[in-house]
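Only one structure is covered here, and it is reproduced in the block below.
Bear in mind that the values in this text are calculations on the coordinates, not laboratory data. The model shown is predicted, which means the values in this text are computed figures rather than measured ones. Cβ sites come from the backbone with ideal geometry, for glycine too, and all protein chains shown count toward neighbours.
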Amino acid sequence: RLCALAEQPLVGESRGLGLIGGVELVADKASKRSFDIRRGVAAKAITFCLEEGLILRALGDTVAICPPLIISEEEIHELFDRLTRALDKTEAFVSAEGYRAAA
């Protein structure tokens with residue numbers, strides 16, 4: 001499921017090792033151009049995660065995923081369903097604000 005997040009319009013790279021994962025948010029997938037940090041796109045993504053019931057952390061432009069070691073397979077699927085919805089909301093926010101146009 002982590003690798004599948006790379007298909008999201010905002011995701012430049014998704015990476016992980018074991019249960020630790022990271023989803024890098026970018027303004028342009030082709031060039032991997034970052035958003036202007038002052039836009040707070042990762043922080044906004046975290047806000048949408050919280051609305052979905054997820055407690056994740058922004059590390060710069062990367063959303064860190066660190067679930068508990070006792071997480072079940074069903075709960076992992078729920079985590080990624082919620083994260084996908086949060087990323088969809090973030091994409092809508094970025095589009096509405098015109099943040100992709102900013103170089």
### Query
Looking at region 1-21, which of its residues are closer than 25 Å to A101 by Cα and in contact (Cβ under 8 Å) with a residue 12 or more places away in the chain?
L5, Q8, P9, L10, V11, G12, E13, S14
### Task
Among the residues of region 45-94, write down those that are among the acidic types (D, E) and within 17 Å of G18 (Cβ to Cβ).
E73, E75
### Message
Kindly evaluate A101 against the criterion of being of a type in the set (G, A, S) and within 13 Å of the chain's Cα centre (by Cα).
### Response
no
### Message
Name the residue that is surrounded by the most Cβ atoms within 10 Å (Cβ to Cβ), counting only residues in region 35-78 that are more than 12 Å from the chain's Cα centre (by Cα) and touching a residue at least 60 places away in the same chain (Cβ under 8 Å).
### Response
F35
### Message
Restricting to region 59-91, name every residue that is farther than 14 Å from V11 by Cβ, among the aliphatic types (A, V, I, L, M) and not in a helix (DSSP H, G or I).
### Response
L59, L69, I70, I71
